[in-house]
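Just below is one structure, and these are the notes that go with it.
The values are calculated or read from the model by the stated rules, or taken from the named source; none is laboratory data. Keep in mind that what you see is a predicted model, and the values were worked out from it rather than measured. For neighbour counting, all protein chains shown are included, and Cβ atoms are generated from backbone atoms with ideal geometry for every residue, glycine included. Accessible surface is based on the protein model in full, side chains and every heavy atom, while ligands, DNA and RNA are left aside. Shrake-Rupley method; radii C 1.70, N 1.55, O 1.52, S 1.80 Å.
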Amino acid sequence: MKVLVPVKRVIDYNVKVRVKADQTGVDLANVKMSMNPFDEICVEEAVRLKEKGKATEVVAVSIGPAQASETIRTALAMGADRGILVKVDGDVEPLAVAKILKGIVEAEQPGLVILGKQAIDDDSNQTGQMLAALLGWPQGTFAHKLELGEGTARIEREIDGGLQTVEVKTPAIMTVDLRLNEPRYASLPNIMKAKKKPIDDKTPADYGVDTAPRLKVLKVTEPPKRQAGVKVKTVAELVDKLKNEAGVLP
Amino acid sequence: MTSLVIAEHDNKTLKEQTAKAVTAAAQLGAPVHVLVAGQDAGAVADAAAKLAGVEKVLLADDAQYAKLVAESVEALILSLADKYDAILAPATTNGKNYLPRVAAKLDVPQISEILKVVSPDTFERPIYAGNAIQTVQAPEGKKVITVRTTAFKAAEATGSASVEKISAAADPGISKFVGEELSKSERPELTSAKIVISGGRGMQSGDNFHLLDKIADKLHAAVGASRAAVDAGFVPNDYQVGQTGKVVAPELYIAVGISGAIQHLAGMKDSKVIAAINKDEEAPIFQVADYGLVADLFKALPEMEEELTKLGY
């Protein structure tokens, strides 16, 4: 079974994002970019499936600017076999991403597509579910544990208030949550080996997808700033203020 | 035309998130219908019918909806979609699970986790875990929206809409619910708790989290943690509040032994009141805290417990 792993290049999660003064977006100039943290978990899961003999090939896909090839290289260094880069400049909405991925799925015929539950830039949490719907496939979102059976996958999901297990027919879509696994660091020899692994260059037009955004972003602003409050001297004073001044104790 | 809100419930009770999504839907300016998909969920439909601003409740009562499995709910919503201009769901793990499927099938973009209805086609939503706010305008056509429920007040139970039973859609038969394990804790869930008390690396060990538990029990609070505490193995990942963990916005957030890394602040800075206890007076958490106490948490927490006991908690 082939496993497809879409990976997104985003601002590194440790970077404090800055909103541009003209309110058109956040500043991406000279900012450290990395693989979306949830996507690292996807790559790890796919590579583990291959190591256990359950997957035959792991294909990493990225949809983004030319530099997204670095994100694919990271996946290749972690153990993915080959990459596909669909070059697009500018923001691509989840629905367009899902349509491109549908085209790739039809060409590659994977048994499982593993995606991050969301990207930490636009926080949409849509692409996996949209891809599943477009393909008519079932989904196991926010996965915490995966067990592959014969023609089925049992996925334990993180839901509000606990865990839920669903059984889906494969081929299927899985989106991952934080607890599925702990991604490995690529070793230096594997980073070197990754440089020789192939990456196919594609464009959205190859899949007949128009990536023009449908939503119009009118502006991007800073959230309301919090002011530092007061320092209290004792625990008793803190409890008193919470109860009587702020009125937030039951 | 009309807006449709998909109800969040457990077949017995209607969750408050539904009442909040109804408030958001009402701001679109069109009549609001609520869809209850469930099994033996008549009581839920009756509760939804009482929400102010709701004109009609649709009840699809069928075994395949018992757990709101995404593929089944998608088919049901699509069977109704023609009649509606906007389809909204609270941004719960259920809403996030099924609603993008509906948007994709309708070939419209979904607008995730709206914080504010600026006008019937324009919305504010958080990006970068709330470190920036995007104002987006939806194109002509149907709108598919999930609602960040912490940003809207619950519609009151002063209405009296009718409940109409509707038939189930064909079961797609590609997935099934196997089981669930809901945390048995008497404490509320992290994302819906009115009070959250979180520990950071300063807690020094998982055992020390019982100091937080005792206070949480008194205040009916949820217990959370920073990524540093999770990475150090003190508590499981589902405690994690932050950019890659859970985003919370309780009435009161108490940060204990948490320095206030950017990624943690992203997950809690929309809390109404923030209190911080940290022995380092330079800790960034104090820049966002309404009340800061520079103290050793191992002294402060038992004192706090005692103080609360004195006040009758």
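What the table shows:
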{"item": "Chain A - charge dipole about Cα centre, Lys and Arg +1 at Cβ, Asp and Glu -1, debye rounded to 20", "result": "480"}
{"item": "Interface residues, region B:278-294 - accessible area loss of 50 Å² or more versus chain alone, probe 1.4 Å", "result": "B:Y291, B:G292, B:L293"}
{"item": "Rounded to 5, the percent of DSSP beta bridges in chain A classed as antiparallel", "result": "40"}
{"item": "Length-normalised contact order of chain B in % [C-alpha pairs under 8 Å, at least 6 apart]", "result": "14"}
{"item": "Chain A, accessible surface, carbon-and-sulfur percent (1.4 angstrom probe)", "result": "48"}
{"item": "Listed peptides B:120-130, B:292-302 by packing density, highest first (mean Cβ within 10 Å)", "result": "B:120-130, B:292-302"}
{"item": "For region B:190-310, fraction of C-alpha pairs farther apart than 23 Å, in %", "result": "17"}
{"item": "Charged-residue dipole, Cβ positions (Lys, Arg, Asp, Glu), the protein assembly as shown about Cα centre, Debye nearest 20", "result": "820"}
{"item": "A:T56-A:K243 FRET efficiency (beta carbon distance; Förster radius 60 Å; 0.05 resolution)", "result": "0.45"}
{"item": "Over 24 Å [Cα-Cα, chain B], rounded percent", "result": "56"}
{"item": "Whole-percent carbon and sulfur share, accessible surface of region B:190-310, 1.4 Å", "result": "46"}
{"item": "Distance between modelled label sites at A:R154 and A:E70, nm, 7 Å Cα→Cβ extension", "result": "4.2"}
{"item": "Cα-based reach from A:K20 at 12 Å (exclusive), listing aspartates and glutamates while leaving out same-chain residues under 8 positions away", "result": "A:E222"}
{"item": "Projected-area average for region B:239-296 over all orientations - Cα convex hull basis, square nanometres", "result": "3.4"}
{"item": "Percent antiparallel among DSSP beta bridges (both partners in region B:3-165, rounded to 5)", "result": "30"}
{"item": "Amide H partners (placed H, <5 Å) of A:K145, local residues excluded", "result": "A:E156"}
{"item": "Area buried, chain B against chain A - accessible surface, total, 1.4 angstrom probe, square angstrom", "result": "7100"}
{"item": "Lys/Arg +1, Asp/Glu -1 at C-beta; the protein assembly as shown dipole; positive extreme among A:P94, A:V15, B:M304", "result": "A:V15"}
{"item": "Under the Debye formula (equal points on every Cα, no solvent term), log10 I(q)/I(0) of region A:81-215 at q = 0.16, 0.17 Å⁻¹", "result": "-0.97, -1.07"}
{"item": "Å² of accessible area per residue within region B:184-313, as computed with a 1.4 Å probe and no ligands counted", "result": "41"}
{"item": "Simple spin-label estimate for A:D89 and B:H210 in nanometres, 7 Å along Cα-Cβ", "result": "6.1"}
{"item": "Theoretical FRET efficiency, 1/(1+(r/R0)^6), r = Cβ-Cβ of B:E16 and B:D217, R0 22 Å, to 0.05", "result": "0.50"}
{"item": "Kirkwood Rh in Å, taken over all unlike Cα pairs in the protein assembly as shown", "result": "24.3"}
{"item": "Solvent accessible area, Å² - B:H210, 1.4 Å probe, full protein context", "result": "80"}
{"item": "Most mobile listed residue (A:V31, A:V17, A:V235) in chain A, GNM with C-alpha springs under 10 Å", "result": "A:V235"}
{"item": "Most mobile listed residue (A:D81, A:D91, A:D22) in chain A, GNM with C-alpha springs under 10 Å", "result": "A:D22"}
{"item": "Virtual spin-label span in nm between A:K169 and B:E180, 7 Å along Cα→Cβ", "result": "2.5"}
{"item": "Per residue, the convex hull volume that the Cα atoms of region B:3-165 enclose (Å³)", "result": "97"}
{"item": "Linear extension gain, B:S160 paired with B:D107, 0.36 nm per residue minus alpha-carbon span", "result": "15.6 nm"}
{"item": "Region A:1-84: trypsin sites (Lys or Arg not before Pro) in DSSP loop, at most 11 other beta carbons within 10 Å", "result": "A:K32, A:K52"}
{"item": "Kirkwood hydrodynamic radius of chain A, from inverse mean 1/r over distinct Cα pairs, in Å", "result": "19.8"}
{"item": "MRE, 222 nm, helices only [DSSP H, n ≥ 4, -39500 (n - 2.57), over chain B, to nearest 500]", "result": "-7500 deg cm²/dmol"}
{"item": "Carbon + sulfur, % of accessible area of region B:1-85 - ligands and nucleic acids excluded, 1.4 Å", "result": "48"}
{"item": "Number of partner chain Cβ atoms within 10 Å, mean per residue of B:91-99", "result": "6"}
{"item": "FRET efficiency for B:S119 and A:E106, using Cβ-Cβ distance with R0 set to 35 Å, rounded to 0.05", "result": "0.35"}
